[in-house]
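Visitor: Below are the structure tokens for one structure; questions will follow.
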Amino acid sequence: MNRISLVFPIVIVPLSIISFSAAQPSSKQDSICLPMKYFIGDWKGTGGGESGQGTYERSYRFIFNNNYIEARNKSTYPAGWRAKETYHIADGNEFTGTFELAEPGKEFSIYTTETLQR
């Protein structure tokens, strides 16, 4: 079966904004990083939904002197499905993202939308 792959942009999560309780870490940096270490590494799996069955790959890495986590995501869906992501800049501090999917032979329909501010 032919399949298409979607690779989503890199997401960098600053660890300074993540707050978790951990068992008596030895430093402030450890207190921030310890709960996130579970996710570090390469992950593979399968799943499904409206678009059919797919395969998924994610990887999480510490970067910039362990102050950030880089997240990469790759999703593979059955051939024929199309996807697009569109960004609309509202002003200097806000944008909206729209993720759309289209079944083979059909028009795009909105799957998710989000509005983000800084």
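Bear in mind these aren't lab numbers, they're just calculated from the coordinates by the rules spelled out. None of the values given here were measured: they were computed from a predicted structure. With ideal geometry, Cβ positions are generated from the backbone for all residues, glycine too; neighbour counts draw on all protein chains shown.
Visitor: Show me 69-78, 85-94 ranked by packing, highest mean number of other Cβ atoms within 10 Å first.
Guide: Listed from highest to lowest mean packing, they are 69-78, 85-94.
Visitor: Report the gain in length on full extension from I89 to I110: 0.36 nm times residue separation, minus Cα-Cα distance, nm rounded to one decimal.
Guide: Computed gain between I89 and I110 is 5.8 nm.
Visitor: Treating cross-link reach as a plain straight distance, find the aspartates and glutamates whose alpha-carbon is under 18 Å from the alpha-carbon of K74, omitting any fewer than eight places away in the same chain.
Guide: Those aspartates and glutamates meeting the cut-off are D42, E50, E57, E85, E100.
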